[in-house]
1. Do we have D140 as within 22 Å of S286 (Cα to Cα) and open to solvent by 30 Å² or more (accessible area, probe 1.4 Å) here?
2. Just one of Y266, Y301 is hydroxyl-bearing (S, T, Y), buried (at least 17 other Cβ atoms within 10 Å of the Cβ) and in contact with a strand residue (DSSP E or B) (Cβ under 9 Å, 6 or more places away or on another chain); which is it?
3. For G66, are the conditions met, namely being of a type in the set (G, A, S), under 20 Å from the mean Cα position of the chain (by Cα), at pLDDT below 95 and open to solvent by less than 60 Å² (accessible area, probe 1.4 Å)?
4. Pick from L46, L68: which is in contact with a strand residue (DSSP E or B) (Cβ under 8 Å, 6 or more places away or on another chain) and free of Cβ contacts under 8 Å to residues at least 24 places away in the same chain?
5. So how many residues does segment 69-88 have that are open to solvent by less than 80 Å² (accessible area, probe 1.4 Å) and not in a helix (DSSP H, G or I)?
6. Kindly check whether there is at least one residue in segment 239-254 that is at pLDDT below 85 and part of a loop (DSSP other than H, G, I, E, B).
7. Six or more apart or on different chains, Cβ atoms under 7 Å: show the pairs whose first residue is in segment 300-313 and within 14 Å of L207 (Cα to Cα) and without any contact (Cβ under 8 Å) to a residue 24 or more places away in the chain and whose second is open to solvent by 70 Å² or more (accessible area, probe 1.4 Å) and outside any helix (DSSP H, G or I).
8. Within segment 282-291, does at least one residue satisfy the condition of being of a type in the set (S, T, Y), at pLDDT 95 or above and crowded, with 18+ Cβ neighbours inside 10 Å?
Amino acid sequence: MKIYINGRFLTQKITGVQRVAHEIVKQLDNVNAGMEIIILVPKNTLQNIEIDFKNIKIKEIGFLKGHLWEQLELPLYAINDLLINFCNTAPLFKKNQIVYIHDAAVYSRPTGYSKNFVRWYKLLYFCTSKFARKIMTVSDFSKDDLIKHLPNLKDKITVSHIAVDHMDNVGFDDSVLSENGLKENQYLLAVSSMHPNKNFNLIIKTLEEMENFNGQIVIAGGQNTKVFSNTFVKKNPNVKFVGYVTDEQLKSLYSKARAFIFPSHYEGFGLPPLEAMGLGCPVIASTAASIPEVCEEAAIYFNPESSVELKECINKIYKDDQIVEEMRHKGLKRKETFSWEQTTKILLNELKK
């Protein structure tokens, strides 16, 4: 069996959906199942790809780039064979393909996306849901949300939870703690994002209401964003920005934090809480979207609209060492129920059908 993979993800920065593509492809590279797997990428990009596969081949095709390459040259080259697309986008009208659609945010939570982005992705999802052989998604929540907006998906969508065991192979870099004067078990960690769905304004509001808070909130990410203004930083000495961090630094921050805060309004899956759990970091999480499905009983929950509830969670974490230890153990156990190997097995089962 010859299988082509849409390799556009290899030309992009690794964020959530690209991470999924990288990790599944690594697993496929170790599988000997009588398949010839070829990753197709735009021409003149191979020199920028620093991945060495044992069995999977990478082939440059065409002359275009970006969406045009994906819509015109990619489907033409793979016209007679199965094509796998991991990162939401895919040729609009190809039938013999599997497409991973990670969430329905452009329908359910379009705030924060441009109008053109929303229009294009709605067209993509409509066409691929109609023509593609199979749609994969990453949670039961995303499955139900997608079906609500694209009813014809009901009989062709499969859930395949994703994982975080790629972090097991990342080292620790404690320099981020010493350079910023952070003490183990004395700070709460959050990872900032400018997207409104991440709901970081709730952390701002909660801290403004906590007059007697003596702990520290550590924010990994960009400091000068629309989410955290310089005025807010000056008014809140309990907030510490560490800037952009490497995977090694982030792993150290997770492992030494008292807890991780995840206030998001919308997630198709939500990897950060699971990453935190895998490093023994208790999780304080929003009750929104897929988050309870992923975290189950291994998190302390709050309403993402309620600063009062978040404040109660923070106080509980600082005042009760027993709860902290209990959540550490629950988190470690929960993380072990997910693996990239299992994620890939679900895809392999679909390939056999």
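The values are calculated or read from the model by the stated rules, or taken from the named source; none is laboratory data. Note that this is a predicted model, so its numbers are computed, not measured. Counting neighbours? That spans all protein chains shown, and the Cβs are built from the backbone with ideal geometry, glycine included. In case anyone asks, the SASA skips ligands and DNA or RNA and just uses the protein heavy atoms, side chains included. Shrake-Rupley method; radii C 1.70, N 1.55, O 1.52, S 1.80 Å.
1. Considered against the rule, which asks whether it is within 22 Å of S286 (Cα to Cα) and open to solvent by 30 Å² or more (accessible area, probe 1.4 Å), D140 comes out as yes.
2. Exactly one of Y266, Y301 is hydroxyl-bearing (S, T, Y), buried (at least 17 other Cβ atoms within 10 Å of the Cβ) and in contact with a strand residue (DSSP E or B) (Cβ under 9 Å, 6 or more places away or on another chain), namely Y301.
3. no
4. Of the residues listed, the single one that is in contact with a strand residue (DSSP E or B) (Cβ under 8 Å, 6 or more places away or on another chain) and free of Cβ contacts under 8 Å to residues at least 24 places away in the same chain is L46.
5. 9
6. yes
7. Hits for this filter: zero, empty list.
8. Yes, segment 282-291 contains a residue that is of a type in the set (S, T, Y), at pLDDT 95 or above and crowded, with 18+ Cβ neighbours inside 10 Å.
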